[in-house]
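**Q** Pasting a structure here, questions to come.
Derivation of every value follows stated rules applied to the coordinates shown; laboratory data play no part. Keep in mind that what you see is a predicted model, and the values were worked out from it rather than measured. With ideal geometry, Cβ positions are generated from the backbone for all residues, glycine too; neighbour counts draw on all protein chains shown.
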Amino acid sequence: MKLTLTLNGVRRTDEVAADTTLFSYLRDRGCLSVKCGCETSNCGLCTVWLEGKPVLSCSVPALRAQGKSVTTLEGLQEEAAQFGAYLADEGAEQCGYCSPGFVMNVLSMVRELDNPTDEEIKEYLAGNLCRCTGYQGQLRAIRRYLQEKGGAK
Amino acid sequence: MYTARNYVVAASPEEAWELNQKKANAILGGGCWLRLGRRRYDTLIDLSGLSLDEIRLEGDTISLGAMVTLRQVETSPLLRESFGDYFSRCTRHIVGVQFRNCATVGGSVAARFGFSDPVTALLPLGCQVELVKAGRIPLEQYAAMPYDRDVLTHIHIPLPKYGRPVYESVRNTQTDLPVLTCAVAREENGLAAALGGRSGRPSLLRGADRDGLVEQAMKLSYVDNLRAGADYRRHLAKVLLNRACAQLEGGEQL
């Protein structure tokens, strides 16, 4: 079946099967930042933006992205690198496995919430599981990132 | 993960209904639950071309299209204006923002999951569901019906006439399925309450007062599973009903 969408700013058309997930479609198009970590729609590692909103690409059928815009970490490299530096400075990158989905959701939160409190940050990011930290490093990195961007309580 | 041979974006509710009469086909909500199974479908039916992703005020009712996401329910200014934080409380702990941007309220209600926060929250409000063939029927009736092949298109929520309802739930850990869910609303002649996460589908109880609800709740069956024992759930039912009723009665926080 034919799928036309805008991937990281580039309009393209591809043939996909009826049961292709957005996750598989993106991996097959070279977006290797997108990973499937849990197979239970839970861990947030496969997060991409569909029309600017964070979604679990493992659960979204590729054909539901028909005519829409999809953004992956590959399309946000400069901003991701900027936030990634804060993560690294706080020792929060650890194994890095969860980082792509986590960074996508942090960058979405920055757009959606105005001056988030710690509680609001924790709630927004509750759907991103990290296997090796206690989230404290990530929280410090987010606070510093927001402060230096001028958007934290 | 499921497999499917065809994918059809339905052009009308009637087309969706026609396609859904075949047992090998399925309506696709947000896809979050369907993907956990390994079924082989012939055709997946997508309702996203039917403008069912809107929350609208229609007279004294708020109508949710079946494709409204749980995140829309959580953040809707329209729902917040009439119900305060009720709908935010019943959605905010469901996995994460990304999940709630996918999962649909129609998917939750049509599946009538026993653990469902949204079904628990909607049950005591006197809602109606709208189905392509059966038309409008009370959610209370729909929640107890056997599954059939009709297609849910809308959920109609009456604006609260007797004060805002209250929602309570308990989870063992953030983002997990709830151990117990509880919603209480005032009605003309007393109180209506729903309890979910118990055993089977969420149940609707009616009583003249708090004691009447608790007495009925103690008689319900509760499941023993890896999240909690039946006795603990029964105890929680009493605690959550008391908390919710106390808030209804005057803002008291227990």
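**Q** Could you derive backbone 3J(HN,Hα) for the range A:33-44 from the dihedral phi with the Karplus parameters 6.51, -1.76 and 1.60 (θ = phi - 60°), listing whole Hz in sequence and x where the residue is Gly or Pro?
**A** These are the phi-based 3J(HN,Hα) values: 5, 7, 10, 9, x, 10, 6, 10, 6, 10, 8, x Hz.
**Q** Could you compute the net charge surrounding B:ARG89? Neighbours are other residues with a C-beta less than 13 Å from the C-beta of B:ARG89; K and R count +1, D and E count -1.
**A** 0
**Q** Here's a follow-up. Compute the signed sum of charges (Lys and Arg +1, Asp and Glu -1) over the other residues within less than 13 Å, Cβ to Cβ, of A:GLN82.
**A** -2
**Q** Where nothing but the Cβ of Lys and Arg (+1) and of Asp and Glu (-1) is charged, how large is the charge dipole of the range B:1-57 around its Cα centre, in debye to the nearest 20?
**A** Dipole of the range B:1-57, to the nearest 20 debye: 480 debye.
**Q** Set the Förster radius R0 to 41 Å, insert the Cβ-Cβ distance between A:GLU112 and B:GLU58 as r into 1/(1 + (r/R0)^6), and round the FRET efficiency to 0.05.
**A** 0.90
**Q** So how far apart, in nm, are the two label points at B:LEU78 and B:ALA111 if each is 7 Å from Cα heading toward Cβ?
**A** 2.5
**Q** Below 8 Å, C-alpha to C-alpha, sequence gap of six or more: please give me the relative contact order for the range B:166-250 in percent.
**A** 28
**Q** Further question on the same structure: Based on the mean of other Cβ atoms within 10 Å per residue, sort peptides B:11-20, B:189-198 so the most packed one is first.
**A** Ranking, from highest mean packing down: B:189-198, B:11-20.
**Q** Compare the Cα positions of B:HIS93, B:VAL68, B:LEU123 along the charge dipole of chain B (+1 at Cβ of Lys, Arg; -1 at Cβ of Asp, Glu; about the Cα centre) and return the one farthest towards the positive end.
**A** The Cα lying farthest towards the positive end belongs to B:HIS93.
**Q** With each label point set 7 Å from Cα along the Cα-Cβ vector, what nm distance links B:LYS219 and A:THR13?
**A** Going from the B:LYS219 label point to the A:THR13 one covers 6.5 nm.
**Q** Nearest 500 deg cm²/dmol is fine: what mean residue ellipticity at 222 nm does chain A get from its DSSP H runs of n ≥ 4 alone, each adding -39,500 (n - 2.57), divided by its residue count?
**A** Dividing the helical sum by the residues of chain A leaves -11000 deg cm²/dmol.
**Q** Filter the trypsin sites (Lys or Arg not before Pro) in the range B:24-86 down to the DSSP loop ones having no more than 11 other Cβ atoms within 10 Å, then list what survives.
**A** Taking the range B:24-86 and a limit of 11 other Cβ atoms within 10 Å, the loop trypsin sites (Lys or Arg not before Pro) found are B:ARG38, B:ARG39.
**Q** Separate question: Would you mind calculating the relative contact order of the range B:55-158 from Cα pairs under 8 angstrom and at least 6 residues apart, reporting the percent as a whole number?
**A** 31
**Q** Might you report the magnitude of the Cβ-based charge dipole of the protein assembly as shown about its Cα centre, with Lys and Arg at +1 and Asp and Glu at -1, to the nearest 20 debye?
**A** Charge dipole, the protein assembly as shown, about its Cα centre: 820 debye, nearest 20.
**Q** Oh, and also: Nearest 20 debye, what's the magnitude of the dipole of the range B:26-166 about its Cα centre given +1 on Lys and Arg Cβ and -1 on Asp and Glu Cβ?
**A** The dipole of the range B:26-166 has a size of about 440 debye.
**Q** I'd like the distance separating the alpha-carbon centroids of the range B:133-189 and the range A:38-52, in whole Å.
**A** Going from one Cα centre to the other spans 27 Å.
**Q** Now, a different point. Which FRET efficiency value, to the nearest 0.05, do you get for B:ALA24 and A:CYS95 by plugging their Cβ-Cβ distance into 1/(1 + (r/R0)^6) with R0 = 41 Å?
**A** Efficiency, rounded to the nearest 0.05: 0.45.
**Q** If you keep only loop residues by DSSP, which GluC sites (Glu not before Pro) in the range A:1-106 have at most 14 other Cβ atoms within 10 Å of their Cβ?
**A** A:GLU39, A:GLU51
**Q** Another question about this same structure. Give a residue-ordered list of calculated ³J(HN,Hα) values for the range A:12-27 (Karplus: 6.51 cos²θ - 1.76 cosθ + 1.60, θ = phi - 60°; whole Hz; x for Gly, Pro).
**A** 8, 10, 9, 8, 9, 7, 4, 9, 6, 7, 4, 4, 5, 4, 5, 4
**Q** Here is a further query. Taking 0.36 nm per intervening residue step and subtracting the Cα-Cα distance, what contour gain separates B:ARG136 from B:ASP176 on full extension?
**A** Roughly 11.1 nm would be gained on extension.
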